[in-house]
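K.L.:
Here it is: the structure, laid out below.
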Amino acid sequence: MSMFLRPILLGPSLLILLLGVGYPVFWFIVAGQVEDGFLRWRDAQNHNGYRVKHGVLDIGGFPGSVRLEIAAPDIASTKDGWSVRSSRAVFEIQPWNWRRYRVEAAGPHHVAGIVQGRSVQGVAETGSAWFVGHLNDRGRMAEGVAEVRDLRIRQPDGDELSATRHVQVRLRWPDDTAPARPPSFDLTVTASDTRLSQKISGPLGPDLRAFRLSGTLNGKPPGKLQRDALDAWRRDGGTVDIRQIALGWGALDVAGNGALALDAALRPLGAFTTEIRGYRAMLSALERTGKLRRREASGARLALDLLSKPDGNGGGRRVVTVPLTAQKGRLYLGPVRLLKLPPILPPARSG
């Protein structure tokens with residue numbers, strides 16, 4: 001080999017050598033920091049009103065993403081009485097991108113909590129469940145996506161409450177570098193192919209084909225599902241601006257947008273512009289189950305027939321575009337009073 005070629009080949013050779021030695025060292029440093037960071041987080045939570053327990057920790061994934069596998073994670077709030085226990089969780093992060101992380105959880109997931117003084121328990125079985133989070137420049141949450149497939153929710157005694165093929169939740173937090181901006185976050189929830197049990201199916205039947213909600217929650221979200229927390233959010237100006245809501249349930253199809261809040265009794269308060277197909281089947285179901293009297297159902301059917309028109313898709317269905325309003329504990333569809341609206345959480349029982 002000529003003396004001229006040796007310097008040319010020396011540079012790439014040294015670079016390959018440095019990468020071959022340096023990257024594994026870098027990867028294992030990152031892996032150690034991930035495990036140490038989880039242990040520090042666990043210890044901090046155990047001193048801040050939570051109880052975090054788990055089984056064996058296992059680090060792997062070289063030479064790709066660092067994967068911390070956590071056996072039997074068990075998290076509970078000693079203040080609020082809720083707990084979540086799963087079979088396994090995996091925290092994953094790319095060594096070259098610390099702003100993105102992924103958490104995967106394997107069921108069954110045992111969930112327990114206290115709502116208005118009553119103990120509530122359930123078990124969720126999932127085909128897959130994961131969350132991907134993105135952090136901003138300040139290391140705080142900027143956005144996240146959670147997705148669950150083949151979700152089955154059952155009571156501890158084994159009775160199944162619902163089965164859903166696919167659920168996705170997207171969250172986006174505001175830029176926290178703008179302190180003058182009021183607290184809020186964007187939320188999008190979609191669910192498809194849900195089958196409900198008789199216990200919770202209601203008058204429209206067990207088949208909830210599709211659901212989509214996209215909007216912005218304004219005000220600091222209530223930290224607890226309790227009346228005092230919801231009332232504080234309401235009094236602080238808490239509202240939900242709904243850009244889109246779509247529901248396919250039995251013969252009913254609804255699409256619309258509007259705004260929602262709570263009144264002093266924690267009942268829904270809001271106004272929407274809606275486009276509704278299958279309203280006749282809905283009214284018949286409400287009459288059949290005693291939610292509407294025959295005279296009320298007949299009057300509502302006549303009023304909506306006058307306001308409706310053919311939907312243009314064939315099949316004889318009609319569509320009605322009317323405001324949907326909730327006020328003073330009642331739900332109105334255009335001029336038609338439909339249902340009573342109870343509080344989101346009923347008052348605690350005395351004694």
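K.L.:
Tell me which of these TRP130 doesn't satisfy, since it passes every other one: (1) under 29 Å from LEU269 (Cβ atoms); (2) in contact with an Asp or Glu (Cβ under 8 Å, 6 or more places away or on another chain).
P.N.:
It fails just one condition, (1).
K.L.:
Further question: Going by what's in this entry, would ILE276 be described as under 30 Å from GLY219 (Cα atoms), among the β-branched types (Val, Ile, Thr) and buried (at least 18 other Cβ atoms within 10 Å of the Cβ)? So that I can check it myself, show each step before the final result.
P.N.:
Values: under 30 Å from GLY219 (Cα atoms): no; among the β-branched types (Val, Ile, Thr): yes; buried (at least 18 other Cβ atoms within 10 Å of the Cβ): yes.
No: the conditions fail for ILE276.
K.L.:
Counting only residues that are out of contact with any strand residue (DSSP E or B) (no Cβ under 9 Å at 6 or more places or on another chain) and assigned to a strand (DSSP E or B), how many does segment 38-89 have?
P.N.:
0
K.L.:
Mind listing whichever residues of segment 63-86 are surrounded by fewer than 16 Cβ atoms within 10 Å (Cβ to Cβ), over 17 Å from ALA105 (Cβ atoms) and either at pLDDT 90 or above or of a type in the set (S, T, N, Q) (or both)?
P.N.:
Start the filter on segment 63-86 by keeping residues that are surrounded by fewer than 16 Cβ atoms within 10 Å (Cβ to Cβ), which leaves 63-64, 71-72, 74, 78-79, 81.
Those still in the list that are over 17 Å from ALA105 (Cβ atoms) too: 63-64, 78-79, 81.
The answer is THR78, and nothing else.
K.L.:
If you scan segment 58-102, which residues turn out to be among the aromatic types (Phe, Trp, Tyr) and over 17 Å from GLY32 (Cβ atoms)? Break it down into steps so the answer makes sense when it comes.
P.N.:
Quick first cut of segment 58-102, residues among the aromatic types (Phe, Trp, Tyr) only: 62, 82, 91, 96, 98, 101.
Across segment 58-102, the qualifying residue is only TRP82.
K.L.:
Moving on. Answer yes if at least one residue in segment 305-317 is assigned to a strand (DSSP E or B) and either touching a residue at least 12 places away in the same chain (Cβ under 8 Å) or aromatic (Phe, Trp, Tyr) (or both), and no otherwise.
P.N.:
First, pick out the residues of segment 305-317 that are assigned to a strand (DSSP E or B): 309-310.
Going one step further and asking which of them are either touching a residue at least 12 places away in the same chain (Cβ under 8 Å) or aromatic (Phe, Trp, Tyr) (or both), we end up with none.
No, segment 305-317 has no match at all.
K.L.:
TYR23 versus (1) at pLDDT 90 or above; (2) surrounded by 13 or more Cβ atoms within 10 Å (Cβ to Cβ): which is the lone unmet condition?
P.N.:
Among (1) at pLDDT 90 or above; (2) surrounded by 13 or more Cβ atoms within 10 Å (Cβ to Cβ), TYR23 violates only (1).
K.L.:
Looking at segment 283-317, which of its residues are aliphatic (A, V, I, L, M) and touching a helix residue (DSSP H, G or I) at 6+ places or on another chain (Cβ under 6 Å)?
P.N.:
LEU283, LEU292, ALA297, ALA300, LEU304
K.L.:
Scan segment 43-62 for residues that are among the polar types (S, T, N, Q) and closer than 20 Å to GLY107 by Cα and report the count. Spell out how you get there, then give the answer.
P.N.:
Keep residues of segment 43-62 that are among the polar types (S, T, N, Q), which gives 45-46, 48.
With closer than 20 Å to GLY107 by Cα added as a condition, the list becomes none.
Qualifying residue count for the region: 0.
K.L.:
So which of ALA285, ALA259, ALA281 ends up being small (Gly, Ala, Ser) and within 26 Å of ASP186 (Cα to Cα)?
P.N.:
Values: ALA285 fails: within 26 Å of ASP186 (Cα to Cα); ALA281 fails: within 26 Å of ASP186 (Cα to Cα).
Result of the check over ALA285, ALA259, ALA281: ALA259.
K.L.:
Determine if segment 220-227 includes at least one residue that is in contact with a Phe, Trp or Tyr (Cβ under 6 Å, 6 or more places away or on another chain), more than 25 Å from ALA285 (Cα to Cα) and modelled with pLDDT of 90 or more. Step through it out loud before you land on a result.
P.N.:
Looking only at segment 220-227, we keep the residues that are in contact with a Phe, Trp or Tyr (Cβ under 6 Å, 6 or more places away or on another chain), and these are 222.
Adding the requirement that they be more than 25 Å from ALA285 (Cα to Cα) leaves 222.
Checking the rest, the ones that are also modelled with pLDDT of 90 or more come to none.
No, every residue in segment 220-227 fails to be in contact with a Phe, Trp or Tyr (Cβ under 6 Å, 6 or more places away or on another chain), more than 25 Å from ALA285 (Cα to Cα) and modelled with pLDDT of 90 or more.
K.L.:
Further question on the same structure: Name the residues in segment 41-62 that are closer than 20 Å to ARG102 by Cβ, among the charged types (D, E, K, R) and surrounded by fewer than 14 Cβ atoms within 10 Å (Cβ to Cβ), would you?
P.N.:
ASP58
K.L.:
Does segment 107-116 contain any residue that is without any contact (Cβ under 8 Å) to a residue 24 or more places away in the chain, under 24 Å from the mean Cα position of the chain (by Cα) and buried (at least 18 other Cβ atoms within 10 Å of the Cβ)?
P.N.:
So in segment 107-116, the residues without any contact (Cβ under 8 Å) to a residue 24 or more places away in the chain come out as 107-108.
Then drop every residue that is not under 24 Å from the mean Cα position of the chain (by Cα), which leaves 107-108.
Okay, now just the ones that are also buried (at least 18 other Cβ atoms within 10 Å of the Cβ), so 107.
The answer is yes; a qualifying residue exists.
K.L.:
Restricting attention to segment 90-105, which residues are surrounded by fewer than 16 Cβ atoms within 10 Å (Cβ to Cβ) and assigned to a strand (DSSP E or B)? Reasoning before the result, please.
P.N.:
Initial filter on segment 90-105 (surrounded by fewer than 16 Cβ atoms within 10 Å (Cβ to Cβ)): 94, 96-100.
GLN94, ASN97, TRP98, ARG99, ARG100 - these are the residues of segment 90-105 that are surrounded by fewer than 16 Cβ atoms within 10 Å (Cβ to Cβ) and assigned to a strand (DSSP E or B).
K.L.:
Give segment 286-325 a look and list any residue that's at pLDDT 90 or above, within 32 Å of the chain's Cα centre (by Cα) and under 19 Å from LEU204 (Cβ atoms), or say none.
P.N.:
Across segment 286-325, the qualifying residues are VAL319, VAL320, VAL322, LEU324.
K.L.:
So, ARG330, is that one modelled with pLDDT under 90 and basic (Lys, Arg) or not? Give the steps one after another, and end with the answer.
P.N.:
Numbers: modelled with pLDDT under 90: no; basic (Lys, Arg): yes.
For ARG330, the condition - modelled with pLDDT under 90 and basic (Lys, Arg) - is not met.
The values are calculated or read from the model by the stated rules, or taken from the named source; none is laboratory data. What you see is a predicted model; the values in this text were computed from it and never measured. Using ideal geometry, Cβ is built from the backbone for each residue, glycine included, and neighbour counts are taken over all protein chains shown.
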